[in-house]
Amino acid sequence: MNQQGSQARADSNLEIRTDLATNGYVHLKHVNLQQYQELARSLGSLRLQQDGKEIYDVKARPGYENRRYSGSCNEIGPHTEFPYFPTPPSYLGLFCVEPAHCNGGRTFLGDSITILDKMMDCERTRLQEISINFSSTVFSNGEDDPNGTHAVLSVSGQKPIVRFSHNFFAFGDTDARADAEFSPPASPFSKYPELVKINELFDQCRVAIKLERGECLIWDNHRMLHAREAYSDQNRWLKRVVIQ
Ligand SMILES: O=C(O)CCC(=O)C(=O)O
Ligand SMILES: [Fe+2]
């Protein structure tokens, strides 16, 4: 690579980091898989995902038809990724190999700074006290425990970490079955109105992004909640990175 090329790359990397810090996410167009991976690695180390690899295919596949999960075409409610980890990944990325050629399949992002701003002081305090034993019956990478008890909002570090899982709060599993009963009486949503409020505020403030081929999204997973709309095109194919 010549010096000019590397300078241009450094400039654009700085711009991306600034956008990430300001908006909580970046949506980039005209990137290839290698550029996406390089950018991801410049932000941190890539964590092994449920298939034991650094780059995970978000694509419908047999066995998950009945799950609100990345391996299905189903809707997934607002969540942050891997809330059960002692420290959830800092960033998440999605690169589009094949868009959904149908209605649906948009990725939604909602900023917890905006959401928490619309809540009352007592509700924000309560979120720091609500301790959830998050767990998944699907996730396994052979390294990390898919169980962990954490506050929904932790502010002990340099910047707050939000942990949220509509699937877990409504159905008791971060990768819940699609036919699970909604909000059984003992569910966190039934117990804690603050969680229901976050869910409603997410719907009001979210941005909707339909990824096209060669586009990627990278977002701050401690700050942004994400969700996915149901779709029918089985060929929709994204590549996800989890950056620590
Ligand atoms: O399919 C999507 O747009 C996102 C799915 C998701 O929640 C994830 O891969 O973490
Ligand atoms: Fe997700």
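Miscellaneous remarks
- Flag for THR125 being within 27 Å of ILE16 (Cβ to Cβ) and either part of a helix (DSSP H, G or I) or without any contact (Cβ under 8 Å) to a residue 60 or more places away in the chain (or both): no
- Checking SER6 against (1) among the small types (Gly, Ala, Ser); (2) part of a loop (DSSP other than H, G, I, E, B); (3) at pLDDT below 95, the condition it does not meet: (2)
- The set of residues in the stretch 48-77 being within 29 Å of ASN13 (Cα to Cα), within 16 Å of ligand 2 (Cβ to nearest atom) and at pLDDT 95 or above consists of ILE55, TYR56, ASP57, VAL58, LYS59, SER70.
- Pairing each residue of the stretch 93-120 that is part of a loop (DSSP other than H, G, I, E, B) with any residue that is crowded, with 19+ Cβ neighbours inside 10 Å and of a type outside the set (Ser, Thr, Tyr), provided the two are 6+ apart or on different chains, yields C-beta distances under 7 Å for PRO99/LEU211; PRO99/ARG236; ALA100/ARG236; GLY105/ARG236; LYS118/LEU201.
- Matching residues, the stretch 179-228, being over 18 Å from PHE108 (Cβ atoms) and of a type in the set (A, V, I, L, M): ALA180, ALA186
- Selected residue [modelled with pLDDT of 95 or more and away from ligand 2 (no atom under 16 Å from the Cβ)] from CYS216, CYS205: CYS205
- Among the residues of this structure, LYS210 does not count as one that is over 17 Å from THR125 (Cα atoms), within 16 Å of ligand 2 (Cβ to nearest atom) and not hydrophobic (A, V, I, L, M, F, W, C).
- Among the conditions (1) at pLDDT 95 or above; (2) touching a strand residue (DSSP E or B) at 6+ places or on another chain (Cβ under 6 Å); (3) crowded, with 22+ Cβ neighbours inside 10 Å, ASP175 misses just one, which is (1).
- Within this structure, GLY110 passes the test of being at negative phi, modelled with pLDDT of 95 or more and buried (at least 17 other Cβ atoms within 10 Å of the Cβ).
- Count - residues of the stretch 60-95 that are within 9 Å of ligand 1 (Cβ to nearest atom), in contact with an Asp or Glu (Cβ under 6 Å, 6 or more places away or on another chain) and more than 21 Å from ALA21 (Cα to Cα): 1
- Of all residues in the stretch 138-172 being surrounded by fewer than 22 Cβ atoms within 10 Å (Cβ to Cβ) and charged (D, E, K, R), the one that is farthest from ASP111 (Cα to Cα): GLU143
- Among the residues of the stretch 119-159, those that are within 30 Å of GLY63 (Cα to Cα) and of a type in the set (S, T, N, Q) comprise ASN133, SER135, SER136, THR137, SER140, ASN141, ASN147, THR149.
The values are calculated or read from the model by the stated rules, or taken from the named source; none is laboratory data. Fair warning: this is a prediction, and the values are worked out from it, not measured in the lab. Positions of Cβ are backbone-derived with ideal geometry, glycine not excepted, and every protein chain shown enters the neighbour counts.
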